[in-house]
Amino acid sequence: MDLGLQGKKALVTAASQGIGNFIANTLAAEGADVAICARTAERVDAAVEGLKSHGTNVCGAACDVGDGDALKAWVEASAAELGGIDIYVSNASAGGGGSLWNEHFAIDMMGTVNGVDAALPFLTESEAASVVVISTSAAVEAFPPPPATSAGAYGAMKAALLNYASFAAQQHAPAGIRFNVVSPGPTYFEGGPWHNIEQAMPPFFEMIANGIPLRSKSKPDTLAGQMGSGEEVANVAAFLASPASSHTTGVNVVVDGGFTRRVAF
């Protein structure tokens, strides 16, 4: 399927590594021009070099998404460099497993709101405007926290994003701007949170991995292989962002291999 991403202009926050980087690479591989940001300039520079291998226009800058003014400046500078914005992917998070309510509100919630607000004037000019918000399966079902932690702030702010995106989908539909959410379940990649949990808390890692019922014959028959991959999450995000998904708005796609038990049909 041709996703229709060739020449589209995409911004992805927190994309120097992790799921954001997988999404940026998938969009660039499909022909999109991509701008990324993250807090650390060195990591942004390294990620930009990697993205250039796809042969599209790529740029990046250090930016603290929790700083509304800095985020707006990055969005506007990126739009100027790319020549507009067709796709905005809000991926930044204060991270799971903590109870830092102020940080999660500033980064997960207001980082999304402020970034979208800054991108809206450019999205309005696009003929294929799309916003993709990255949430988590912990937003739709209580997630068992690791020992001695409280994941309440993470899940609560990510759940708030579902309501925000649903409202925004209705509000901006007349202007042709789509809003959708991708909610990954436990996702494993080298250097990622679940890789670290595997090293630090093997029993908890085993419990979570064994709670994922889907088994893929194309993936390693290991505990890590039972979890989702960065590519699997990125593929869903790229589809929702693309013109191939032009009549889809206001949905939350959970990518978790059946980990959550809710009735979602």
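The values are calculated or read from the model by the stated rules, or taken from the named source; none is laboratory data. Note that this is a predicted model, so its numbers are computed, not measured. No Cβ is skipped: glycine too gets one built from the backbone with ideal geometry, and neighbour counts run over all protein chains shown. The protein model used for the area step is the full one, side chains on, heavy atoms only, and it has no ligands, DNA or RNA in it. Shrake-Rupley method; radii C 1.70, N 1.55, O 1.52, S 1.80 Å.
Solvent-accessible area of region 93-227 (1.4 angstrom probe, protein heavy atoms only): carbon and sulfur portion equals 58 percent. Summary of the geometry: region 162-232 and region 52-129, compared by the centres of their Cα atoms, lie 21 Å apart.
For region 179-265, the fraction of alpha-carbon pairs lying more than 14 Å apart is 66 percent, rounded to a whole number. Each other residue within a Cβ distance under 15 Å of Asp117 adds +1 if Lys or Arg and -1 if Asp or Glu, for a net charge of -2. What you get for the chain, charging only the Cβ of Lys and Arg (+1) and of Asp and Glu (-1), is a dipole of about 640 debye around the Cα centre.
Mind pulling the angle between the C-alpha long axis of helix 152-172 and the longest principal axis of the chain? Nearest 10 degrees, somewhere in 0 to 90. Here the helix axis deviates by roughly 40 degrees. The figure for Ile19 is an accessible area of roughly 30 square angstrom, using a 1.4 Å probe on the protein chains alone.
Taking the square roots of five times each eigenvalue of the Cα gyration tensor of the chain, the equivalent ellipsoid has semi-axes of 28, 19, 19 Å, listed largest first. Computed on region 1-143, with alpha-carbon pairs under 8 angstrom and 6+ residues apart, the relative contact order is 23 percent. Dividing the summed -39500 (n - 2.57) terms of all DSSP H runs of n ≥ 4 by the residue count of the chain sets its mean residue ellipticity at 222 nm at -12500 deg cm²/dmol.
Ordered from largest to smallest accessible area (heavy atoms of protein chains, 1.4 Å probe), the residues Asp64, Asp108, Asp45 come out as Asp45, Asp64, Asp108. Legend note: in the chain, cysteines whose Cβ sits 4.7 Å or more from every other cysteine Cβ are Cys59. To the nearest 10, the accessible area of Arg262 is 90 Å² with a 1.4 Å probe. In this structure, the residue pairs whose Cα-Cα separation is over 25 Å, taken from Lys8/Lys158; Lys52/Lys219; Lys9/Lys219; Lys9/Lys72, are Lys8/Lys158; Lys52/Lys219; Lys9/Lys219. Largest accessible area first, the residues Leu5, Leu223 order themselves as Leu223, Leu5 under a 1.4 Å probe with ligands, DNA and RNA left out.
Between Glu49 and Ala175, the distance separating the two model label sites (each 7 Å from Cα on the Cα→Cβ line) works out to 3.9 nm.
Accessible surface area normalised per residue over the chain is 45 Å², counting heavy atoms of protein chains with a 1.4 Å rolling probe. With both labels modelled 7 Å from their Cα along Cα-to-Cβ, the Asp117 to Met207 distance reads 4.0 nm. Given a 1.4 Å probe and the protein chains as shown, Asp117 ends up with an accessible area of around 90 Å². Hey, how much of the P(r) for region 2-107 falls beyond 22 Å, as a percent of Cα pairs? Distances greater than 22 Å cover 25 percent of the Cα pairs.
Relative to the dominant Cα principal axis of the chain, helix 110-125 is inclined by about 40°. For the chain, the longest principal axis of the C-alpha atoms and the axis of helix 68-82 are separated by about 60°.
Shown here are the Rg and Dmax of the Cα trace of region 79-195, at 15.4, 48 Å.
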